[in-house]
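The values are calculated or read from the model by the stated rules, or taken from the named source; none is laboratory data. Just so it is clear, the structure is predicted and the values come from calculations on it, not from any experiment. Heads up, the Cβs are rebuilt from the backbone with ideal geometry, glycines too, and the neighbour counts pull from every protein chain shown.
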Amino acid sequence: MQTHSSSVVAVKATRALAELTERDYATVEEFERDLERNVGALKRANPSHASLYNALQDVLHSVQGEADDLDEAQELTLATIDRVVETVETGKRHAAQQAAATIEDGQTFLTHDYSSTVMEAVELAVADGAELTAYVTEARPRFLGRKFARELAAIDDVEPHLMVDGASGMFLPKCDRVIIGMDCIVEETLYNRIGTFPLVAAANEVGVPVTVVGSGAKVVDGGFRFENEIRSPSEVMLEPVEGIELENPAYDATPVDLIDEVITDEGVIEF
C-alpha cells in the first residue's frame with residue numbers, strides 16, 4: 001500500500017482471499033465467517049482506498065448466503081475473485097485508453113505521485129506516435145514520483161523532468177495540462193496523494209487544465225466513508241525531536257470544482 005496504486009492494492013487484496021479456499025472448514029457457515037473476518041481485516045488495513053473497499057465488499061456480498069455447501073461456497077469465491085479482479089483491471093485499462101486519446105503529440109504535462117493508470121495512458125499515447133514532455137513531482141515523503149520518472153525515462157519519445165513538490169508552481173506555466181490519478185472521488189471531493197490540492201489550486205491560478213484519470217469504481221456516491229491514513233512521523237524526520245509535532249497525512253482533499261475533467265472507463269466527466 002505504500003508503493004503501489006490503489007487499483008493494484010485492490011487486486012492483490014482480492015486475490016489474497018483465494019487462500020481461504022485452501023483451508024479446512026467443517027461447515028459453509030464457518031467458511032463464510034472466516035471470509036467476513038478477512039474481508040474486514042483487509043478493508044481496515046487501508047480505509048482510504050475506495051477501490052479496495054468496493055472489490056472486497058463485492059466478493060463478500062456475492063458469496064455470503066449464496067451457497068448450499070462448502071464446496072459450492074469455495075468455488076463461488078474463486079469465480080467471484082476472478083470476476084472482481086477482471087472488473088478492476090478492465091476498468092483501469094479502459095480509463096487509460098480513454099485518457100490516451102486526449103494526449104496529443106508534442107504535449108507537455110505535469111503529474112504528481114505514481115498512477116499506474118496514467119502511466120498506461122502515456123504508454124498508449126506514445127505507442128500511437130506521440131512525443132511528450134513530462135514534469136514529475138517527487139511526491140514526498142515516500143518519493144513515489146521518482147518511481148514514475150524512472151519508468152518514464154525507459155519510454156522512448158518521453159522526456160521526463162523530476163522536481164521537488166514545491167517547484168510545481170514554477171514549472172506549471174511550461175505545461176499544457178496536469179494529468180493525475182486518484183485514490184477516490186467521494187461526492188464533491190477528490191482524495192489523492194498529499195500535495196494534490198496545492199498543485200491543483202496552483203494550476204487553476206495559472207490557467208492550466210487539470211485531468212484526473214482512474215477507474216469509475218473509484219467514483220463513489222455512497223456506502224464508503226473516506227478515512228485518511230496518517231503515516232509514521234519517521235518518514236518526515238528520522239530523528240525524534242522534542243517540542244515538534246510531526247504531521248504526515250497520506251492524502252489531501254481537493255474540491256472537484258477545481259478539476260476540469262475526470263476520465264474513467266465510463267467516459268469523461270466535465271466540471
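Would you confirm, using the coordinates I've provided, whether Thr90 is touching a strand residue (DSSP E or B) at 6+ places or on another chain (Cβ under 6 Å), within 24 Å of Gly214 (Cα to Cα) and either in contact (Cβ under 8 Å) with a residue 40 or more places away in the chain or aliphatic (A, V, I, L, M) (or both)?
No, not satisfied.
If you go through region 167-188 one residue at a time, how many are over 21 Å from Phe143 (Cα atoms) and either loosely packed, with under 15 Cβ neighbours inside 10 Å or among the basic types (Lys, Arg) (or both)?
5
Out of all the residues in region 197-216, which are surrounded by 24 or more Cβ atoms within 10 Å (Cβ to Cβ) and under 13 Å from the mean Cα position of the chain (by Cα)?
Val212, Val213, Gly214, Ser215
Take region 15-69 and flag every residue that is polar (S, T, N, Q), under 30 Å from Gly181 (Cβ atoms) and part of a loop (DSSP other than H, G, I, E, B).
The answer is Asn46, Ser48.
Would you check which residues across region 136-164 are in contact with a Leu (Cβ under 8 Å, 6 or more places away or on another chain), acidic (Asp, Glu) and either not assigned by TED's automatic domain parsing to the domain that holds Val236 or not in a loop (DSSP other than H, G, I, E, B) (or both) and list them?
Glu159
Give me the pairs: first residue in region 56-70 and closer than 18 Å to Lys218 by Cα, second residue among the β-branched types (Val, Ile, Thr) and surrounded by 16 or more Cβ atoms within 10 Å (Cβ to Cβ), beta-carbon distance under 6 Å, and six or more apart or on different chains, which are they?
Listed by first residue and then by second, the contacts come to Leu56/Val39; Asp58/Val84; Val59/Thr80; Val59/Val84.
Report the residue count in region 211-232 for those that are part of a loop (DSSP other than H, G, I, E, B) and modelled with pLDDT under 85.
Residues meeting the conditions: 5.
Taking the options Asp252, Asp257, Asp265, name whichever one is in contact (Cβ under 8 Å) with a residue 60 or more places away in the chain and over 26 Å from Ala202 (Cα atoms).
Asp265
Kindly indicate whether Arg23 is surrounded by fewer than 16 Cβ atoms within 10 Å (Cβ to Cβ), in the same structural domain as Thr77 (by TED's automatic domain parsing) and in contact (Cβ under 8 Å) with a residue 60 or more places away in the chain.
No; evaluated as a whole, the condition is false for this residue.
Which residue is nearest to Thr196 (Cα to Cα), if the candidates are limited to region 213-268 and must be touching a Phe, Trp or Tyr at 6+ places or on another chain (Cβ under 9 Å) and among the aliphatic types (A, V, I, L, M)?
Residue satisfying both the conditions and the ranking: Ala253.
Looking at Leu17, is it touching a residue at least 40 places away in the same chain (Cβ under 8 Å) and either surrounded by 13 or more Cβ atoms within 10 Å (Cβ to Cβ) or in the same structural domain as Gly214 (by TED's automatic domain parsing) (or both)?
Yes, satisfied.
Among the candidates Ala101, Ala55, which residue alone is small (Gly, Ala, Ser) and surrounded by fewer than 15 Cβ atoms within 10 Å (Cβ to Cβ)?
Exactly one residue qualifies, and that residue is Ala101.
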